[in-house]
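K.L.:
Quick one: structure below, then a few questions.
The values are calculated or read from the model by the stated rules, or taken from the named source; none is laboratory data. What you are looking at is a predicted structure, and each value in this text was computed from that prediction instead of being measured. Cβ placement follows ideal geometry from the backbone for every residue including glycine, while neighbour counts extend to all protein chains displayed.
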Amino acid sequence: MERPSHDRSSKPAIARLALAAAITATLLAGCATNAGLRDEQRLALYREHAGAPVSSFQYFGRLNGWTPLGDRALAVWTRPSQAYLLELTDSCQDLEYAHAITVTNQSGRVHARFDDVLVLGSNTMRIPCRIEQIRPVDGAALKQAEREMRQEVDTVERGQAPGGT
């Protein structure tokens, strides 16, 4: 997704630096052995790389992948390079631990405020989780930001003394 051309300032770069600094500080405050980002950090990263809300997206009958971002949001990949951030109306039971999900759709389109995410699994009742908002994600920029953040975390962890927290 192309960003608007009218904003040529360094605001996006400053925002990325501020987010990276905040995440680095949070990681330093916690145990350094956990190199993964927490749900709220991953959600912030996805939100930063998501465009304006859209009313719906085309659904091709199956998801290419999905990422839980807490119990009220997830990213779904409809193609390897096409993702959407789905923010849910309420918390979605077992979303963070689910092995599979599906989304309801109407004639091949998933609509905000109308369609649902369903958590699949043998121990889970299929309680619909209403999609409140849909935002397209810039997948390439997101992956680049994730790589940069992993490099920062690795650098910080290597710089710490063994056994440090």
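K.L.:
When you scan segment 128-140, do you find a residue that is surrounded by 15 or more Cβ atoms within 10 Å (Cβ to Cβ), modelled with pLDDT under 95 and among the hydrophobic types (A, V, I, L, M, F, W, C), even just one?
P.N.:
No, that holds for no residue.
K.L.:
Shifting gears a bit: Residues in segment 90-120 that are in contact with an Asp or Glu (Cβ under 7 Å, 6 or more places away or on another chain) and farther than 19 Å from residue 56 by Cα: how many?
P.N.:
5
K.L.:
If you take the residues in segment 52-106 that are part of a loop (DSSP other than H, G, I, E, B) and in contact with a helix residue (DSSP H, G or I) (Cβ under 6 Å, 6 or more places away or on another chain), which one is farthest from residue 138 (Cα to Cα)?
P.N.:
My answer is 71.
K.L.:
Do we have residue 74 as at pLDDT 95 or above, of a type in the set (A, V, I, L, M) and in contact with a Cys (Cβ under 6 Å, 6 or more places away or on another chain) here?
P.N.:
Details: at pLDDT 95 or above: yes; of a type in the set (A, V, I, L, M): yes; in contact with a Cys (Cβ under 6 Å, 6 or more places away or on another chain): no.
In short, no.
K.L.:
Something else about it: Taking segment 107-151, which residues are hydrophobic (A, V, I, L, M, F, W, C) and part of a strand (DSSP E or B)? Lay out the reasoning, then the answer.
P.N.:
So in segment 107-151, the residues hydrophobic (A, V, I, L, M, F, W, C) come out as 110, 112, 114, 117-120, 125, 127, 129, 131, 134, 137, 140-142, 145, 149.
Correct list: 110, 117, 118, 119, 120, 129, 131, 134, 137.
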